[in-house]
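A short write-up of the structure that comes next.
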Amino acid sequence: MAENLLISSSEKKSDRYESLLPQVEALVGGEPDLVANLSNIAAALKQTFNFFWVGFYLVRGNELVLGPFQGPIACTRIGFGKGVCGASWKERKTIVVPNVDEFPGHIACSSDSKSEIVLPAFKNDHVYLILDVDSDKLSDFDDTDAVYLGRVMKIIERFI
Ligand code: SME
C-alpha cells in the first residue's frame, strides 16, 4: 500500500478528485474489511480537501449510527428522515445544503458547520450507509462534489 497520497496541486477541484479517485480504488482494492476501508476513505478525503468533517453513518435498524470519520466529535445516532443524513437515507438521494441554517431539521453536531453534502450507498437496493461531508464555509459544495463523491460511493458499493 502507498504511504502517501499524491494529489494534483491544481486549484481546480475536479483535478484533485481525478487524482484522488484511482488512489481510493487502490487503497480499498485488496482489502475486504468495511471499517478499514471507510476509515481510509474518510482520511483520504480529509487529507485532500481539508474538509471540516468527513465521515460515514451506517444504517442500523431504524437509525443511522456513526461510523469511521475525520474531524470533531459528532452525533452518534440519527433517526430515519431526521437531519440531512436521515433525509438522504429516506429520499435515497444526494443532498447538497449550501446553508445548513436554511435546511429544516438540520442537526448541528457543530455550530462551525455551514454547508454540507450527503450521499447514500446502496446494497441490494437498500441504503446501507451514507457519506456526510461538512464545510465551515457557506456554499462549499456543488455538482462537481456530487459527481465525484458519487463515484466514491460506487467504489464503496463494491465492498459493502
Ligand atoms: N448535520 C448532519 C448531522 C451529522 S453531522 O453534521 C456530522 C445532519 O443534519 O444530518
Task: Point-charge dipole on Cβ atoms (K/R +1, D/E -1) for region 51-160, about Cα centre, debye to 20 - done: 540 debye
Open item on the list: Can you list the DSSP H helices in the chain whose Cα atoms extend at least 15 Å along the helix axis and whose mean Kyte-Doolittle hydropathy is 0.5 or higher?
Closed with: 34-49
TODO: Would you please put 69-77, 56-64 in order of how densely packed they are, using the mean number of other Cβ atoms within 10 angstrom per residue and starting with the highest?
DONE: 56-64, 69-77
TODO: Please tell me the relative contact order of region 68-160 in percent, rounded to the nearest whole number, where contacts are Cα pairs under 8 Å and at least six residues apart.
DONE: 25 percent
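Just want to confirm a number: the relative contact order over the chain, from Cα pairs under 8 angstrom separated by 6+ residues, in percent.
Numbers: 280 pairs, mean separation 31.2, N = 160.
The value is 20 percent.
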- [ ] At 0.36 nm per residue, minus the direct Cα-Cα distance, what do residue 12 and residue 142 gain on full extension? Give it in nm, one decimal, please.
- [x] 45.5 nm
Task: Projected area averaged over orientations for the chain, convex hull of C-alpha atoms, nm² - done: 8.7 nm²
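Determine the gain in length on full extension of the stretch residue 25-residue 103; use 0.36 nm per residue of separation and subtract their C-alpha separation, reporting nm with one decimal.
24.8 nm
Here, each number is a calculation from the coordinates, and none is a lab measurement. What you are looking at is a predicted structure, and each value in this text was computed from that prediction instead of being measured. Every residue, glycine as well, gets a Cβ built from its backbone with ideal geometry; the counts of neighbours run over all protein chains shown.
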